[in-house]
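These notes concern the structure reproduced below.
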Amino acid sequence: MKVVEIPHSAVDNSSLSSSNICLLLPIFHNGTWQSKFVELQTKDDILTNTIWAYTQLENIFRGNNDLFDLYLDTWKRAFEAYQVAYHDKDRSSNIFWLTNACGQPKPRPVDWPARSGTGYESVSDGKTSVGMDRTDDIKKGIYQVLKLGAESKPINQQYQIKTALISNIHAARHYDEYLTSLQDVVWALDETGLAKKAGELDSETPIYNLFDGIISFTRNHPRDEWIRENFQF
């Protein structure tokens, strides 16, 4: 037998062309969580149609307000569970398990493995922040916004450069800790290195927003009129 090392490569899933693919949608009904399977049908062209799933979702939800309302209700409940669970680890709703790792389940299942010493094993719930909420991403984003702004806004005469933090959801868990104190910061270039007050700068010195906007589907903080007009979710 000869061992052959194969490099990473894209692999076609041949079953896509013959399987009826469904979207599993959790729905809250009569006080309990249930599952609804929404048919996406069969992927017709597995080689070139790269936006098939998006097209099918658009076709399914367009004109079907009842289905969209179910989807939106699930999304809102999941988002609320994501926020609440960070503070009090409320495991009373099944939606908790969709948005968070389990930590140490309570009550402990009889077959849940024990840990050496005291206590019992847990599945880490320390890396469940998403989107802008990931603290490493927040810090990197703040630097990138400042770096891009400082290197482009003062010198670009052809375009009006906007700098913003953008994500699907806002930093629901870490906004106050990382962004509240920075969201209204403005800056200016002072080559003398002596100015202590704005009045000590030349009256024509331009000032710039650190963030022209902090943008997401769930919360916006615009400081620029163009941002405000074009990102009214």
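The values are calculated or read from the model by the stated rules, or taken from the named source; none is laboratory data. No experiment lies behind these values; they were computed from the predicted model shown. Using ideal geometry, Cβ is built from the backbone for each residue, glycine included, and neighbour counts are taken over all protein chains shown. All accessible areas refer to the heavy atoms of the entire protein, side chains included, with ligands and DNA or RNA removed. Shrake-Rupley method; radii C 1.70, N 1.55, O 1.52, S 1.80 Å.
Taken about its Cα centre, the chain carries a charge dipole of about 720 debye when Lys and Arg each add +1 at the Cβ and Asp and Glu each add -1 at the Cβ. For the chain, which whole-number percentage of the solvent-accessible area (1.4 Å probe, protein heavy atoms only) is attributable to carbon and sulfur atoms? Here it works out to 53 percent. Note on the chain: helix-only mean residue ellipticity at 222 nm, from DSSP H runs of 4+ residues weighted -39500 (n - 2.57) and normalised by residue number, equals -8500 deg cm²/dmol. State which entries of 153/196; 2/43; 43/147; 76/147 exceed 32 angstrom in Cα-Cα distance in the structure shown. Correct reply: 2/43; 43/147; 76/147. Axis angle, to the nearest 10 degrees, between helix 52-61 and the longest C-alpha principal axis of the chain: 90 degrees. As a rough guide to protection, the peptides 179-189, 104-114, 30-40 ranked by mean Cβ packing within 10 Å, highest first, stand as 179-189, 30-40, 104-114.
Loop-located GluC sites (Glu not before Pro) across the range 186-233 with a Cβ neighbour count of 14 or fewer within 10 Å are 191, 204, with loop assigned by DSSP. Please find, in a Gaussian network model of the chain (springs between Cα atoms separated by less than 10 Å), the residue of 194, 148, 23 whose mean-square fluctuation is greatest. Evaluated over the chain, the most mobile residue of the options is 194. Against the chain, whose longest principal axis comes from its Cα atoms, helix 135-152 is set at around 40 degrees.
Seen against the Cα atoms of the chain and their longest principal axis, helix 65-88 is set at about 70 degrees.
Label reach from residue 219 (point 7 Å along Cα→C-beta): in the range 166-192, amide nitrogens under 18 Å belong to 166-185. Applying a DSSP loop filter and a limit of 15 other Cβ atoms within 10 Å to the trypsin sites (Lys or Arg not before Pro) in the range 196-225 leaves 196, 197, 219.
Annotation for residue 75 and residue 94: the two label points, set 7 Å from Cα along the Cα-Cβ direction, are 2.2 nm apart.
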